[in-house]
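Here is the structure we will look at, set down as C-alpha cells.
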Amino acid sequence: MKRKIEVSELIFKIVAYVFLIVFALLCVYPFIYALSCSFSSANAVESGKVVIIPVEFQSIAYKYVFTDNKYWISYANTLFMAVVGTIWCMVYTLMGAYALSKKRLMGRHAWNFFLVFTMWFSAGIVPQFLNYQTTGNIMAAIAGKPWTEIDEKWLVIIAMGMNATNVILLRNSFEGVPAEIEEAARIDGATEMQILWKVYIPMSKATIATVALFFAISRWNGYFWAMRMMKQQNYSWPVQVYIRDFIDKSSELVKPHEEYASWEEVIRGGYSTKDLSALSVVYAMVICAVIPILCIYPFIQKYFAKGVNMGGVKE
Amino acid sequence: MFKLKCDDFLEYDEATGTYSMSQEQKVRDETERNHWKTTGITILKDWRLYLMLVPMVVVYLLWRYLPMYQLLAAFKNPASATKVEDQVWYGLTNFKELFFGGQANEFWRAFRNTFIIAFYGLLFGFPFPIILALFFNEVKSNIARSIMQVCVYLPKFMSTVIITALTIVLFRGGTMGTGIVSKLLMAISPSGALHDAATSPYGLVFSDRYFRAIYQIVGIWEHGGYDSIVFFAAVIAVSPTSYEAAQIDGASKMQQMRYVVIPSILSTVVIMLIMKVGTLLSVGYEKVYLMSNTSNYESADIVATLSNRWSESGGSTALGIAAEMVNNLIGMILVIGANTVAKKASGVSLY
C-alpha cells in the first residue's frame with residue numbers, strides 16, 4: 001500500500017532537510033574558509049576577496065609556519081602533554097572507577113560524594129592558581145631548581161585535567177559487567193589487578209576508548225591553565241597558547257597596538273609584510289593545529305556519540 | 001508488630017529455675033563488640049581494592065580540595081600578610097567591600113553578565129539541539145544522516161582558542177580589513193549601529209552591543225550538534241508501532257509529532273533541562289576570557305574573568321576570591337536544587 005504524502009509532511013521534510021544542510025555546511029564552513037585563506041595572497045585575505053576557494057594561490061604562509069621553530073616546539077609540547085597526560089589520567093581514573101564500581105567497597109557513598117562534590121563546587125580560578133603555584137614550588141624544591149626554571153609541562157600533566165564525569169562514566173560501565181564473570185576469574189585465582197586488566201578492561205572497551213579520547217581532546221585543546229602557569233616559559237607552551245599569543249602580538253585584532261609589537265616587528269627576516277599577512281599565518285597555524293583532530297575525528301566520532309548516551313548518569 | 005520476648009535472649013534453666021544468657025545472644029553480642037575489628041579485617045583483606053582508590057583520591061585532594069583552603073582568604077585581611085595562614089581574621093569586611101565598596105559596580109556588572117550569558121544560553125541554546133534531533137529523525141537515508149552528523153559534531157572537538165580565533169577573525173573590522181561575516185552584516189544593514197560596530201577597529205566581537213549575540217551564536221554553533229545526540233537517541237527510541245497506530249488513526253505528520261514524538265522524549269528533555277539549570281552559573285570562562293578585552297567588559301566580563309583580572313593585577317586577590325566564591329556557592333545551590341527536583345520529578349538522580 002502506498003501512503004499518500006500529505007502537504008504538511010512534505011513541507012516539514014523540506015524544512016528539515018534545508019535546515020540540516022545549511023547548519024551542517026555552516027559547521028564546516030569556517031574551517032574551509034580558513035584553509036582557503038591560508039593559501040591566498042596577503043592582499044586577497046585582507047580585502048576579503050576569499051569566499052570559498054583560494055584567491056591568488058600561494059603557500060608562503062605555510063612556508064612561514066613550517067620554518068617557525070617555536071611553533072613546532074609548542075606543537076611537540078602539546079603532543080607530549082596530550083599523550084603522557086592522557087596516560088596518567090587514565091591510570092588513576094581506571095583504578096579509581098574500578099574500586100568505586102564494587103559494591104563491597106566500604107564507604108562507597110562517601111567516596112562517590114567526594115568525587116561528585118568537585119562537580120558541584122570548585123574553589124575558583126584564583127585559589128586554584130595559588131594552589132598550582134604551591135605545587136610548582138614543591139616540584140621545584142624536589143628538582144632542586146628555582147620555580148622559574150623547572151619544566152612546567154609536568155605540572156600541567158600531573159596536576160590538571162581531572163574530570164569527575166569521566167570517572168562516573170567508567171564506573172557505570174564497570175557496574176554493567178556481570179558479577180559472575182568476576183567470580184569465575186576469582187575462583188581461577190586471579191588477583192584484583194588481573195581482574196581489572198583481563199576482565200573489566202576488555203569488556204568495556206568502548207567506554208574506555210571514549211573516556212581516553214575525552215581526556216586526550218581536552219588535553220590537546222587546553223588553554224587557560226597552561227597560559228596562566230607558563231607565563232614566562234615560552235619553551236614549554238602548548239600550541240594553543242602559542243597561537244593565541246601570536247594573534248595578540250602580531251595583529252591588532254584583540255589588543256591595541258601600544259600593548260604589543262605589531263606584525264612589522266614580529267615578522268621574520270626574509271619575508272615582507274606586503275607578501276604575507278598576519279591573518280594568513282594565523283589561518284595556517286589554525287589549520288596545522290586542527291589537522292591531528294581532523295585526522296582521527298572520523299574514526300572516533302561514533303565513540304563520542306555512544307559515550308554521551310552512556311553518560312545519562314545512572315542512580 | 002514484632003514483640004520482644006525474654007526467651008529471645010535468655011535461656012531458662014528448669015533444674016535451677018534461673019535464667020542465663022542464651023547462646024545466640026552471646027554470638028550477637030560478640031559480633032557487635034567486634035564490629036570495628038571485623039570491618040578492619042575485611043578492609044585489610046581487601047587492601048588491594050582500597051589501594052587502587054588511593055591515586056585518584058590523592059589527585060582530587062591535592063588539586064581539587066586543597067585549593068578550597070585558599071577560600072579562607074575571603075574572610076581574612078589581605079594587608080596583614082602575604083600567606084593565608086598568617087593573615088588575621090577580618091570577618092565579613094571583604095564581602096562588604098565587594099558588595100558596597102569602591103569596586104562594587106564592577107562586581108555587580110560581572111554578576112549580572114554571568115546571569116545574562118547563562119540565561120540566554122539556556123533560552124537559545126537549549127531548544128536548538130531538540131529541533132536538530134527532530135529534523136535528523138526525518139532524514140531516512142543513513143548515509144546522508146551520518147554525513148550531516150559528522151559535520152555538526154565537528155565544532156565541539158575544536159579548541160576554544162581556535163574557535164575564538166576564527167570568530168574574531170570572521171567578525172573583525174577596521175584596520176586589518178573587515179571579516180567575511182562583518183561584510184555580510186554590513187551588506188544587510190548599510191547604516192546604523194550594526195554597520196558602525198562592524199567597521200570599528202576591533203570589529204563586532206569586541207563591541208558591547210553585539211558581544212552577547214555573537215557569544216550565543218558561537219555557543220550554538222559549537223555545542224548544538226553535539227548536544228543533539230542525547231535527544232536524537234530519545235527520538236529514535238520511539239517504537240515504530242506508535243507511529244503506525246497514529247497513522248491508522250489518521251494523524252497527520254504534525255499530529256504525530258505533537259502526540260507521539262514529543263510526549264516520548266519529554267522525560268529526556270526535562271532531565272536535560274534540569275541539568276542545564278544546575279550548571280547555569282558555570283559559564284565557560286575560557287571562551288569569555290578569549291573573547292573579551294577592555295572595550296567589551298560592559299557586557300562580556302563575568303565573575304570568573306573579573307576575579308582572575310583582580311588577582312593578576314595583584315590589587316584585590318581577596319576580593320576576587322570572595323566574588324568567585326559567591327558565584328560558585330549560588331551555582332552549587334542551583335545544582336543541588338535541580339538534582340532534588342529531578343529526583344522528585346522522575347525518580348532519577350543525576351549524580
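The values are calculated or read from the model by the stated rules, or taken from the named source; none is laboratory data. Because the structure is predicted, anything quoted here is derived from the model rather than measured. All Cβ positions, even for glycine, are placed from backbone atoms using ideal geometry, and neighbour counts span all protein chains on display.
Among the numbered conditions (1) buried (at least 20 other Cβ atoms within 10 Å of the Cβ); (2) away from every other protein chain (no Cβ under 13 Å); (3) farther than 28 Å from A:Gln240 by Cα, the only one that A:Glu56 does not meet is (1). Determine whether A:Ala185 is assigned to a helix (DSSP H, G or I), within 29 Å of A:Cys295 (Cβ to Cβ) and among the aliphatic types (A, V, I, L, M). Spelling it out, it is not the case that A:Ala185 is assigned to a helix (DSSP H, G or I), within 29 Å of A:Cys295 (Cβ to Cβ) and among the aliphatic types (A, V, I, L, M). Taken as a whole, the structure places B:Phe107 among residues that are buried (at least 17 other Cβ atoms within 10 Å of the Cβ), over 20 Å from the mean Cα position of the chain (by Cα), in contact (Cβ under 8 Å) with a residue 60 or more places away in the chain and more than 8 Å from chain A (Cβ to nearest Cβ). Taken across the stretch B:257-273, residues that are surrounded by 15 or more Cβ atoms within 10 Å (Cβ to Cβ) and farther than 30 Å from B:Gly337 by Cα do occur, with at least one present.
The condition (being among the hydroxyl-bearing types (Ser, Thr, Tyr) and under 30 Å from the mean Cα position of the chain (by Cα)) is satisfied by just one residue among B:Ser267, B:Ser239: B:Ser267. Considering only the stretch B:123-144, I want to know if a residue exists there that is under 25 Å from the mean Cα position of the chain (by Cα), under 30 Å from A:Phe215 (Cα atoms), crowded, with 21+ Cβ neighbours inside 10 Å and facing chain A (nearest Cβ under 9 Å). Yes, that holds for at least one residue. Listed by position, the helices (runs of 4 or more DSSP H) inside the stretch A:213-315 whose residues that are at pLDDT below 85 and aromatic (Phe, Trp, Tyr) number at least 3 are A:278-310.
Consider B:Ser313 carefully, then state whether it is surrounded by fewer than 18 Cβ atoms within 10 Å (Cβ to Cβ) and within 24 Å of B:Val161 (Cβ to Cβ). When the stated conditions are applied, B:Ser313 passes them.
When the stretch B:260-296 is filtered for residues that are free of Cβ contacts under 8 Å to residues at least 24 places away in the same chain and farther than 30 Å from B:Ile130 by Cα, only B:Thr294 remains. Check whether at least one residue in the stretch A:107-115 is crowded, with 20+ Cβ neighbours inside 10 Å and either closer than 30 Å to B:Met275 by Cα or under 20 Å from the mean Cα position of the chain (by Cα) (or both), and report yes or no. The answer is yes; a qualifying residue exists. Only residues that are farther than 22 Å from B:Gly174 by Cβ and touching a residue at least 12 places away in the same chain (Cβ under 8 Å) were counted in the stretch A:37-66, giving 12.
Per the listing B:Leu92, B:Leu61, the residue uniquely closer than 30 Å to A:Trp197 by Cα, among the hydrophobic types (A, V, I, L, M, F, W, C) and under 35 Å from the mean Cα position of the chain (by Cα) is B:Leu61.
Residues checked against (1) touching a Gly at 6+ places or on another chain (Cβ under 9 Å); (2) more than 28 Å from A:Ser101 (Cα to Cα):
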{"position": "B:Gln23", "(1), (2)": "no, yes"}
{"position": "B:Asp29", "(1), (2)": "no, yes"}
{"position": "B:His35", "(1), (2)": "no, no"}
{"position": "B:Thr39", "(1), (2)": "no, no"}
{"position": "B:Ile43", "(1), (2)": "no, no"}
{"position": "B:Trp47", "(1), (2)": "no, no"}
{"position": "B:Leu51", "(1), (2)": "no, no"}
{"position": "B:Val59", "(1), (2)": "yes, no"}
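Selection of helices (runs of 4 or more DSSP H) fully inside the stretch B:159-273 by the criterion of at least 2 residues being of a type in the set (Phe, Trp, Tyr) and within 14 Å of chain A (Cβ to nearest Cβ) returns B:211-236.
If you go through the stretch B:274-295 and keep only what is outside any loop (DSSP other than H, G, I, E, B) and hydrophobic (A, V, I, L, M, F, W, C), you end up with B:Ile274, B:Met275, B:Val277, B:Val288, B:Leu290.
Suppose the filter is over 21 Å from A:Thr134 (Cβ atoms) and touching a strand residue (DSSP E or B) at 6+ places or on another chain (Cβ under 8 Å); does B:Phe9 pass it?
On the way: over 21 Å from A:Thr134 (Cβ atoms): yes; touching a strand residue (DSSP E or B) at 6+ places or on another chain (Cβ under 8 Å): yes.
Here the answer is yes, as B:Phe9 does meet what is asked.
Going through the stretch B:308-322 one residue at a time, which ones are outside any helix (DSSP H, G or I) and over 16 Å from B:Gly102 (Cβ atoms)? Within the stretch B:308-322, just B:Gly314 meets the criteria. One residue is enough: does the stretch A:94-115 have a residue meeting the conditions out of contact with any Leu (no Cβ under 6 Å at 6 or more places or on another chain), within 7 Å of another protein chain (Cβ to nearest Cβ), over 29 Å from B:Glu312 (Cβ atoms) and in contact (Cβ under 8 Å) with a residue 60 or more places away in the chain? Within the stretch A:94-115, one or more residues are out of contact with any Leu (no Cβ under 6 Å at 6 or more places or on another chain), within 7 Å of another protein chain (Cβ to nearest Cβ), over 29 Å from B:Glu312 (Cβ atoms) and in contact (Cβ under 8 Å) with a residue 60 or more places away in the chain. Among the residues of the stretch A:219-254, the one identified as surrounded by 19 or more Cβ atoms within 10 Å (Cβ to Cβ), among the charged types (D, E, K, R) and free of Cβ contacts under 8 Å to residues at least 12 places away in the same chain is A:Glu252. Screening A:Ile157 against (1) at pLDDT 90 or above; (2) over 23 Å from the mean Cα position of the chain (by Cα) leaves a single unmet condition, (2).
Which of (1) within 11 Å of chain B (Cβ to nearest Cβ); (2) in contact with a helix residue (DSSP H, G or I) (Cβ under 6 Å, 6 or more places away or on another chain); (3) surrounded by fewer than 22 Cβ atoms within 10 Å (Cβ to Cβ) does A:Tyr200 not meet, given it meets every other one? Condition not satisfied by A:Tyr200: (1). Taken over the stretch B:152-175, residues that are surrounded by fewer than 20 Cβ atoms within 10 Å (Cβ to Cβ) and touching a Ser or Thr at 6+ places or on another chain (Cβ under 7 Å) amount to 1.
For the stretch A:1-36, the set of residues classified as in contact (Cβ under 8 Å) with a residue 12 or more places away in the chain and either touching a helix residue (DSSP H, G or I) at 6+ places or on another chain (Cβ under 8 Å) or at the interface with chain B (Cβ under 7 Å from one of its Cβ atoms) (or both) consists of A:Phe31, A:Tyr33, A:Ala34, A:Leu35, listed by residue number.
The listed residues are A:Met160, A:Met139, and the only one of them that is within 21 Å of B:Thr305 (Cβ to Cβ) and crowded, with 17+ Cβ neighbours inside 10 Å turns out to be A:Met160.
Which condition number in (1) surrounded by 20 or more Cβ atoms within 10 Å (Cβ to Cβ); (2) under 30 Å from A:Met193 (Cα atoms); (3) facing chain B (nearest Cβ under 8 Å) is the one that A:Val45 fails? It fails just one condition, (2). Screening the stretch B:286-309 for residues that are at pLDDT 90 or above and facing chain A (nearest Cβ under 8 Å) and picking the one that is farthest from B:Leu329 (Cα to Cα) gives B:Leu290.
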